[in-house]
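Quick notes on the structure that follows.
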Amino acid sequence: MLNVIWLLLLASGIVIAAINGNIEVVTEAALSAAQGAVKVCFDLIGVMALWLGIMKIAEQGGLIAALAKLVRPVMIRLFPSVPPKHPAMGAIILNISANVLGLGNAATPMGLKAMQELQLLNKGSEEASEAMCTFLALNTSCVTLIPATIIGVRLSFGSANPTEIVGPCIFATSTAMVIAMSLDWWFRKKSRWGVKG
């Protein structure tokens, strides 16, 4: 569906530019956007290498294990249908730990692994389980203490103070997580009452 939307946006832009006699604008915009994207990617390599290195040091030093141990009791309560020693729980905890540290790129593989393990617990059903819905809500809205990628993007665009986003980011992601988890709990409770929405 997204491919169709992007195709329609691109085609309509080309058609409107052709009608207005400014077809060269489309080419210039495409080339400058591609160049800008490559520049941002190269700028992000350094920042991501730094934070992934810090994450590796934190992992070797036991910080990730400590964070996982701290988060485990909460995760067990959020995911009562997932056995505490199941690989899904480990993948969920690692995903959330990486998200909290602002390492979305590092969190993605663990998120995919968590969903695969949750699907195994779902016994092949085509419908998402409660645990899968809860994980999706938590993963999407997870609190972020260090928004490394955003800091990197701000740095690459020459921000005078790229880290000033940290406070607002913590507030916004905390609020989003509280709302998402509250709605998840409410919908699960509604589902248990047998109310179909």
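Quick notes on this one:
- Residue within region 121-140 that is within 22 Å of GLU59 (Cα to Cα), among the aliphatic types (A, V, I, L, M) and over 11 Å from the mean Cα position of the chain (by Cα) present: no
- Residue list for region 111-162, restricted to those being within 20 Å of GLY46 (Cα to Cα) and either small (Gly, Ala, Ser) or at pLDDT 90 or above (or both): ALA148, GLY152, SER156, GLY158, SER159, ALA160, ASN161
- Residues located in region 40-71, provided they are under 21 Å from the mean Cα position of the chain (by Cα) and not hydrophobic (A, V, I, L, M, F, W, C): ASP43, GLY46, GLY53, LYS56, GLU59
- Any hit, region 183-195, residues being part of a helix (DSSP H, G or I), surrounded by 15 or more Cβ atoms within 10 Å (Cβ to Cβ) and small (Gly, Ala, Ser): no
- From the list ALA65, ALA58, ALA29, ALA34, the one residue that fits, being touching an Asp or Glu at 6+ places or on another chain (Cβ under 9 Å) and surrounded by 10 or more Cβ atoms within 10 Å (Cβ to Cβ), is ALA65.
- Those helices (runs of 4 or more DSSP H) lying entirely in region 71-161 with at least 2 residues surrounded by fewer than 21 Cβ atoms within 10 Å (Cβ to Cβ) and either β-branched (Val, Ile, Thr) or touching a Cys at 6+ places or on another chain (Cβ under 7 Å) (or both): 148-156
The values are calculated or read from the model by the stated rules, or taken from the named source; none is laboratory data. All of these numbers come straight from a predicted model, not from anything done at the bench. Ideal geometry is used to build each Cβ from the backbone, glycine not excepted, and the neighbour counts take in all protein chains shown.
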